[in-house]
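Take a look at the structure set out below.
The values are calculated or read from the model by the stated rules, or taken from the named source; none is laboratory data. Small disclaimer: the values here were computed from a predicted structure and weren't measured. No Cβ is skipped: glycine too gets one built from the backbone with ideal geometry, and neighbour counts run over all protein chains shown. Just the protein is used for accessible areas: all its heavy atoms, side chains included, with ligands, DNA and RNA removed. Shrake-Rupley method; radii C 1.70, N 1.55, O 1.52, S 1.80 Å.
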Amino acid sequence: MTVNRIGFGAMRLTGSALGAPSDRDRVIGLLRRAVELGVNHIDTAAFYFSPLRSANELINRALAPYPDDLVIATKVGPGRDPAGDWLPLARPDQLRGQVEENLRQLGRDHLDVVNLRQHGLDSIAEHFGALAELRDAGLIRHLGISNVRPQHLAQAQAIAPVVCVQNAYGIANRISDKTLRTCGEQGIAFVPFYSIAGDGREAGGVADNDAVLAIARQHGATPAQVRIAWTLSRGPHVLAIPGTGNPDHLVENVAAGALRLSADELASLE
Ligand SMILES: NC(=O)c1ccc[n+]([C@@H]2O[C@H](COP(=O)([O-])OP(=O)(O)OC[C@H]3O[C@@H](n4cnc5c(N)ncnc54)[C@H](OP(=O)(O)O)[C@@H]3O)[C@@H](O)[C@H]2O)c1
């Protein structure tokens with residue numbers, strides 16, 4: 001599947017980090033605008049919900065019947081109970097239920113991409129094997145992995161092809177540099193998250209940084225745009241899934257796909 005490099009992360013659709021629900025019409029409009037602007041890769045999860053909103057339900061409402069070229073990637077492994085409290089990582093035998101939950105909420109008979117989002121596992125083989133069986137059964141087209149270390153990629157590849165790796169990564173978070181390079185060598189998409197939010201993580205925000213601010217000024221761009229452009233500069237296999245509930249930020253983020261940083265600017269950010 002070929003996707004444009006600027007995709008969209010759905011985690012910010014459901015409300016603010018402090019829990020205020022999003023404006024439903026505004027975020028449905030934002031999703032439709034994203035597709036109009038050329039976004040054809042949306043990252044979501046059944047566990048992206050707030051007391052009044054579900055990211056998958058909003059995507060379904062805004063975009064179904066889905067355009068043929070739209071790739072919706074979702075994640076399984078983590079889960080939340082109906083009150084929103086986090087559950088322990090799913091056991092392998094619980095992954096089918098999570099896949100079916102995504103199918104139901106998105107209103108699809110298959111999922112384009114499912115990432116196993118691991119946490120704390122030395123080996124992901126058993127979990128990834130369970131997803132590979134669901135792929136063989138036709139519920140999933142392609143598999144990815146998330147929040148992984150280099151050994152996890154090899155473990156998964158021994159079981160089934162991996163099309164993408166989704167890890168936290170950005171100018172100030174280079175822990176996954178080696179994994180990013182390995183993905184490039186093997187033709188696997190590397191999909192960073194928190195590439196704008198950085199240390200802000202769930203709380204969001206864009207941290208100030210002198211080099212980022214100076215380069216943004218030179219280009220008449222915003223710091224967020226510089227951060228996106230920097231991640232894309234890390235290799236042609238790197239995609240972006242910036243998350244926003246703000247329609248103006250969406251436009252800026254898509255435009256960042258055309259921002260090219262010079263060698264001097266990249267060196268200064270390094
Ligand atoms: N696999 C995983 O474990 C995992 C973990 C976290 C996230 N994700 C995925 O990755 C996506 C991206 O991560 P993220 O949404 O946490 O972080 P992000 O894209 O790095 O940053 C989002 C934060 O930056 C703000 N922002 C976005 N565009 C902006 C702009 N142009 N100017 C100023 N501020 C801007 C957003 O606020 P506004 O809403 O106000 O724009 C939000 O606070 C998520 O949406 C989700 O799909 C995956």
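For Leu213, state whether it is more than 8 Å from the ligand (Cβ to nearest atom) and within 16 Å of the chain's Cα centre (by Cα).
On the way: more than 8 Å from the ligand (Cβ to nearest atom): yes; within 16 Å of the chain's Cα centre (by Cα): no.
Answer is no for this residue.
Of the residues Val165, Val212, which is touching a residue at least 40 places away in the same chain (Cβ under 8 Å), buried (at least 20 other Cβ atoms within 10 Å of the Cβ) and β-branched (Val, Ile, Thr)? Give the derivation first.
Details: Val165 fails: touching a residue at least 40 places away in the same chain (Cβ under 8 Å).
When all the criteria are applied, what remains is Val212.
Return yes or no: is Gly184 in contact (Cβ under 8 Å) with a residue 40 or more places away in the chain and away from the ligand (no atom under 13 Å from the Cβ)? In short, yes. Within region 38-49, residues that are part of a loop (DSSP other than H, G, I, E, B) sit with their Cβ atoms under 7 Å from residues that are surrounded by fewer than 24 Cβ atoms within 10 Å (Cβ to Cβ) and among the polar types (S, T, N, Q), at 6+ positions apart or across chains, in these pairs: Gly38/Asn4; Val39/Asn4; Asn40/Asn4; Ala46/Gln98; Ala46/Asn102; Ala46/Gln105; Tyr48/Thr14. For Asp199, the conditions (1) open to solvent by 60 Å² or more (accessible area, probe 1.4 Å); (2) more than 15 Å from the ligand (Cβ to nearest atom); (3) more than 20 Å from Leu89 (Cα to Cα); (4) charged (D, E, K, R) are fulfilled apart from (2). Applying the condition of being at pLDDT 95 or above and part of a loop (DSSP other than H, G, I, E, B) to region 1-37 and asking which residue is surrounded by the most Cβ atoms within 10 Å (Cβ to Cβ) yields Leu13. Scanning region 2-43 for residues that are touching a Lys or Arg at 6+ places or on another chain (Cβ under 8 Å) and of a type in the set (Ser, Thr, Tyr), which turns out nearest to Gly79 (Cα to Cα)? Here the residue is Thr14.
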